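Student: Here it is, the structure in full.
The values are calculated or read from the model by the stated rules, or taken from the named source; none is laboratory data. Because the structure is a prediction, the values reported are computed rather than measured. Note that we place each Cβ from the backbone using ideal geometry, even for glycine, and neighbour counts take in every protein chain shown. Quick note on the areas: whole protein, heavy atoms, side chains included, nothing else; ligands and nucleic acids left out. Shrake-Rupley method; radii C 1.70, N 1.55, O 1.52, S 1.80 Å.
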Amino acid sequence: PLGIMSIATYLNANGHEAIICDRFFETESIRSLLEKHKPDIIGVSVISFSFIKDASDISREAKSMGIPVVWGGIMPSSIPEETLRSGFVDYISINEGEFTWLEMADAFDKGAPFDGTDGLAYLRDGKYIRTPDRDFIDLSVLPPIDWTLVTPENYFQTSYGYSKMLSTYMSKGCFGTCTYCYNPGFHQSTRRQRPIETVLGEMRYLVENHGAGGFDFTDDLMFLNRNQVLDFCRIMVESKLGVCWSGYLSTHT
């Protein structure tokens with residue numbers, strides 16, 4: 001869950017306490033988890049419609065306990081008003097969430113409303129309100145993803161015949177304007193690169209501490225040209241990580 005791991009890492013680095021409960025692996029009931037952790041705010045990542053049933057169950061339980069519920073991810077960011085009118089959700093964090101969540105957490109600590117936070121959508125007296133969209137984050141200001149938030153071994157997969165593969169990413173977005181893709185709306189057909197040193201540091205940690213055998217880059221558009229491919233291959237060889245890797249190289253029209 002790289003998106004919420006990045007948000008949780010950023011919150012923890014800025015004086016808040018965020019934890020991740022991955023419902024693919026949790027055996028406790030939703031109610032039990034909420035009673036144990038006593039969260040001030042609940043964030044639910046909803047990538048696609050297949051997540052809605054569980055996300056709705058989480059939201060019902062949280063709202064019954066008076067906990068504000070915020071949904072984020074591709075699906076609610078694409079249809080925020082429809083999602084809010086379901087009655088399950090208090091706020092939608094639209095598109096990237098790191099800065100939005102930090103402002104919400106800061107506001108909560110001060111007893112202030114979230115209404116002035118950019119990148120949010122909510123209902124007030126039945127009226128749909130969407131605050132101004134945020135500028136894109138400079139990915140170099142985000143700290144390395146903290147993999148201690150989860151159990152990395154839970155996410156090992158076999159890919160292309162290689163075992164113990166983990167997902168990571170080197171960039172966000174794509175320049176394409178394909179009508180079938182989420183990218184034009186979510187990333188506004190913009191591509192941004194993470195610092196290679198940050199990515200390599202995360203990979204090295206996972207290899208040395210958890211035995212990761214390789215990495216599957218989930219970038220929408222990993223490489224732009226031949227020279228970038230060759231540069232990355234050189235960096236991987238020089239890193240001496242001794243792992244395999246895979247990624248997507250797409251053609252867009």
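Student: For a bin width of 5 Å, list the pair-distance distribution of the chain built from all Cα-Cα distances, rounded to whole %.
Tutor: 1, 5, 12, 16, 18, 17, 14, 9, 5, 2, 1, 0
Student: Additional query: Tally up the carbon and sulfur contribution to the accessible surface of the chain as a whole percent, 1.4 Å probe, everything protein left in place. Before the final figure, lay out each step's value.
Tutor: On the way: 6950 of 13170 Å².
Within the chain, the accessible surface is 53 percent carbon and sulfur.
Student: Then there's this: Counting DSSP beta bridges with both partners in region 1-122, what percentage is antiparallel, nearest 5? The partial results should precede the final answer.
Tutor: Values: 2 of 9 bridges.
Rounded to the nearest five, the antiparallel share is 20 percent.
Student: Here is a further query. Only helical DSSP H runs with n ≥ 4 go in: add -39500 (n - 2.57) per run for the chain, normalise by residue count and round the 222 nm mean residue ellipticity to 500 deg cm²/dmol. Spell out each step's value before the answer.
Tutor: Numbers: 9 runs with 89 residues, N = 253.
Value at 222 nm, helices only: -10500 deg cm²/dmol.
Student: In region 198-253, if every C-alpha pair distance is counted and binned at 10 Å from zero, what percent goes to each bin?
Tutor: Going from the shortest bin to the longest, the percentages are 21, 53, 22, 4, 0.
Student: How many percent of Cα pairs in region 1-105 exceed 22 Å?
Tutor: 24
Student: Roughly how many Å² of Phe108 are accessible to a 1.4 Å probe, to the nearest 10?
Tutor: Using a 1.4 Å probe on the heavy atoms, I get roughly 80 Å².
Student: Under the rule that a partner needs its Cβ under 4.7 Å from the first Cβ, which Cys of the chain have none?
Tutor: For the chain, the answer is Cys21, Cys174, Cys233, Cys244, because their Cβ atoms have no other cysteine Cβ under 4.7 Å.
Student: Roughly how many Å² of Thr177 are accessible to a 1.4 Å probe, to the nearest 10?
Tutor: 90
Student: If you average 1/r over every pair of different alpha-carbon atoms in region 20-62 and take one over that average, what Kirkwood value in Å do you get? Walk me through the numbers before you get to the answer.
Tutor: Numbers: mean 1/r = 0.0915 Å⁻¹.
So the Kirkwood estimate lands at 10.9 Å.
Student: Taking the Cα centre as origin and putting +1 on Lys and Arg beta-carbons and -1 on Asp and Glu beta-carbons, what dipole magnitude results for the chain, to the nearest 20 debye?
Tutor: Working: 22 positive and 33 negative charges, 98 e Å.
For this selection, approximately 460 debye.
Student: About the Cα centre of region 62-103, what is the dipole size in debye to 20, counting +1 per Lys and Arg Cβ and -1 per Asp and Glu Cβ, all else neutral? Can you show the working numbers first?
Tutor: Values: 2 positive and 6 negative charges, 46 e Å.
About 220 debye.
Student: How much accessible area does Ile47 have with a 1.4 Å probe, in Å² rounded to the nearest 10?
Tutor: 90
Student: Right, here's the next one. Please report the antiparallel percentage of the DSSP beta bridges confined to the chain, to the nearest 5.
Tutor: On the way: 10 of 24 bridges.
Approximately 40 percent, going by the DSSP bridge assignments.
Student: What is the helix-to-structure angle for 98-110, meaning the angle in degrees between its Cα long axis and the longest Cα principal axis of the chain, kept from 0 to 90 and rounded to the nearest 10?
Tutor: Helix 98-110 sits roughly 40 degrees off the main axis of the chain.
Student: Continuing with this model, one more query. What do the square roots of 5 times the Cα gyration tensor eigenvalues come to for region 120-223, in whole Å, largest first, as semi-axes of the equivalent ellipsoid?
Tutor: On the way: eigenvalues 194, 62, 45 Å².
Equivalent ellipsoid semi-axes, largest first: 31, 18, 15 Å.
Student: To continue, here is another question. Over the chain, calculate the relative contact order: mean separation of alpha carbon pairs under 8 Å at least 6 apart, over the residue count, as a percent. Each step should come with its number before you reach the end.
Tutor: Numbers: 363 pairs, mean separation 37.2, N = 253.
Relative contact order for the chain comes out at 15 percent.
Student: Are any of the pairs Lys36/Lys110; Lys127/Lys172; Lys36/Lys172 more than 29 Å apart by Cα-Cα distance, and if so, which?
Tutor: Working: Lys36/Lys110 24 Å; Lys127/Lys172 33 Å; Lys36/Lys172 35 Å.
Check vs 29 Å cut-off fails for Lys127/Lys172; Lys36/Lys172.
Student: Between 0 and 90 degrees, rounded to the nearest ten: what's the tilt of helix 52-64 against the longest Cα principal axis of the chain?
Tutor: With both axes taken from Cα atoms, the answer is about 40 degrees.
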